[in-house]
Each structure stands twice: as C-alpha cells, then as structure tokens.
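Just so it is clear, none of the values below were taken in a lab; they were calculated from the coordinates. Here the structure is a predicted model, which is why all the values come from computation and not from measurement. Here the Cβ is made from the backbone with ideal geometry for all residues, glycine too, and neighbour counts use every protein chain on show.
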Amino acid sequence: MSFNRARVLEGIALIVFASLFNRSGPNYREVVGRFTVRRTNGDLLGVMEPSRRTFPARNMATTEAALMRRGMSQIYLSLGDPAADGTVPVRLYFKPLVLLIWLGALIMFVGGGLSLSDRRLRGGRAETNPSERRHAELACPSNARAQFGIDLALKKSSA
C-alpha cells in the first residue's frame, strides 16, 4: 500500500502516516490507519487512528473518523474506500474555530432569556398603553367583548 508520508497544516501541525493494520471486533473487521500529529517544531501532539469497518453479516462498510481538538479548532482524519491497486485515500479536514458555533448558540440562549424578562410580558400578554386601551373600549364596549369573547386591542380608525 502506498501513502504520502506527511501532510503539513501550514504553521499548525505536521501529520505523519505511521502504519496501517487490520483489527477485528465482535461483529466487524476493520482497517486502521495510525497517524502521528506533531507541532511544526517536532513536539508530539497525539496519535489519530481513523478506520474503515466492514460488517460481514450485513455486507456493509462504515468509516470511523479520528478527531483531535486543538484549542478552538479540530482536525478530522478519515479513510476512504481502498482502490484496486491497494492505495487507501485519506481525507484530512482542518476546521479552525469550529467550536465557536457553540458560543453562538449560547449567545442566542441568553438573548432569548433577556427577551422573556420584559416586564410588559408578565401575566401572559403585553401591557397596552392607557390611551390605546381607551380607544379599544370605545370601538368595542365591554359588554360586546363579554358577549362575543372578544379581547382585542383595537386602534382608533381615522374615519
């Protein structure tokens, strides 16, 4: 099997192919690739092991991606389908600042909480301006509201 030996993520990491081996599980067989991740100065950051699993009972194959988190960024490695000549493609994804997506969700959550703390919304509905309330009573007297179940804040018409 042939592999390019190293891939450099510019200024971030050096990913080096170490080995490829077979492993068996309870109901599957897998081909595992071992990659070492080093800083550009040579310090070891970690080992990543993506795999390609085959389940003989269902004649199905899946990919198990390897994931490494570095600060707010992530590195993904996955193995592709082996080619007829024995080569195995490797997909490398570097996602800088991907964990900031969760910060965006937190900001939306806090914004929703602030919007619910509005005093006008206490008691289930918005409090109307007293002048608007008077116009609504003139347009629809309280006995009509009670008779027909109408409880709307109507504006004074210009006619």
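Within the set of other residues whose C-beta is less than 14 Å from the C-beta of LEU44, count the net charge using Lys and Arg as +1 and Asp and Glu as -1.
Every neighbour counted, the sum reads +3.
Amide H of GLN74 versus every other amide H placed in the peptide plane: which residues, excluding those fewer than 5 positions away on the same chain, fall under 5 Å?
LYS95, LEU97, VAL98
Could you work out the Kirkwood radius for region 6-96, taking every pair of different alpha carbons, averaging 1/r and inverting it, reported in Å?
Here the Kirkwood hydrodynamic radius works out to 14.0 Å.
Under a point spin-label approximation (7 Å from Cα along Cα-to-Cβ), what is the VAL16-ASP43 distance to one decimal in nm?
Going by the 7 Å Cα→Cβ label model, 1.7 nm.
So if each residue of separation counts as 0.36 nm, and I subtract the Cα-Cα distance between SER117 and ASN27, what length gain in nm does that give?
Length difference between fully extended and current span is 27.0 nm.
In whole Hz, what ³J(HN,Hα) sequence does region 43-48 give by Karplus (6.51, -1.76, 1.60; θ = phi - 60°), x for Gly and Pro?
Listing the rounded values in order: 5, 6, 9, x, 10, 10 Hz.
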